[in-house]
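Trainee: There's a structure below that I have some questions on.
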Amino acid sequence: MVARKKWSELPKVDGELRTSVSDVSPEAMEWAKQLLERNEVALAEMNVAAGKHRGDCPICARQGVLLYCEEPTDPDSRLICSRCSGTLAKRISRTQLCDNDPAHGPAWRNPYTRRNEYLCGNCHAESGDGVVQNRYATAARYSKPLGVRDRAVCEAANVPGTKPCKGEVKPRGTNATLLCNQHAGKASAGDEYFERG
């Protein structure tokens, strides 16, 4: 193993430090200079340096804080601090109304078709796509829940002389035959837990 040298034993480099600068065309330098000037003008117009959006909150009287619009969709609303903005936002009920007629009331987007339209329950029913519920809807309802898919069925199910199917249907063997744990001769990790009763 080679011993490393100490910093004091390494040769010292004397002289000027030179950096390599690629040749930049005068047009590119002029463009960069104009870009910086435009940015400075834009920042001055927005009055960012003067702290246009910093000040005292009119509700809680906190001083020197960042201020935000009380109503995010209205730029002319008064400016308040983040704490007050958070407490007010919880009380404002923002509901999406039906695209066909706002008088129909609250609306939602059909997650099954994923079209960018917000319809009430009646308009969803009239659209022909049906009213699609979320993944927590019960199976007793008529429409399909979100994320529903056809479940794999064991190929040995309902074969005369075989035991009833039991859990975890998946491809097994070199032919990828769909079998459950019972017909594949496998045991699930949860079998003992659920059989104790």
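Trainee: Of the residues in the stretch 14-35, how many are modelled with pLDDT of 70 or more, assigned to a loop (DSSP other than H, G, I, E, B) and not polar (S, T, N, Q)? Working first, answer last.
Mentor: Here is the first cut: in the stretch 14-35, the residues modelled with pLDDT of 70 or more are 14, 23-35.
Checking the rest, the ones that are also assigned to a loop (DSSP other than H, G, I, E, B) come to 14, 23-25.
Subset that is not polar (S, T, N, Q): 14, 23-24.
So the count comes out to 3.
Quick grid of which residues meet (1) over 30 Å from Ala42 (Cβ atoms); (2) aromatic (Phe, Trp, Tyr); (3) loosely packed, with under 14 Cβ neighbours inside 10 Å:
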residue: Arg62; (1), (2), (3): no, no, no
residue: Asp74; (1), (2), (3): no, no, yes
residue: Ser77; (1), (2), (3): no, no, yes
residue: Ile80; (1), (2), (3): no, no, no
residue: Arg83; (1), (2), (3): yes, no, yes
residue: Thr87; (1), (2), (3): yes, no, yes
residue: Asp99; (1), (2), (3): yes, no, no
residue: Ala107; (1), (2), (3): yes, no, no
residue: Ala125; (1), (2), (3): yes, no, yes
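Trainee: Please determine whether any residue of the stretch 164-176 is at pLDDT below 65 and outside any loop (DSSP other than H, G, I, E, B).
Mentor: Initial filter on the stretch 164-176 (at pLDDT below 65): none.
Among the residues of the stretch 164-176, not one is at pLDDT below 65 and outside any loop (DSSP other than H, G, I, E, B), which makes the answer no.
Trainee: Tell me which residues, restricted to the stretch 109-128, are without any contact (Cβ under 8 Å) to a residue 24 or more places away in the chain and either in a helix (DSSP H, G or I) or acidic (Asp, Glu) (or both).
Mentor: Listed by number, the residues that qualify are Glu117, Gly121, Asn122, His124, Ala125, Glu126.
The values are calculated or read from the model by the stated rules, or taken from the named source; none is laboratory data. Model, not experiment: these values are computed from the prediction. Using ideal geometry, Cβ is built from the backbone for each residue, glycine included, and neighbour counts are taken over all protein chains shown.
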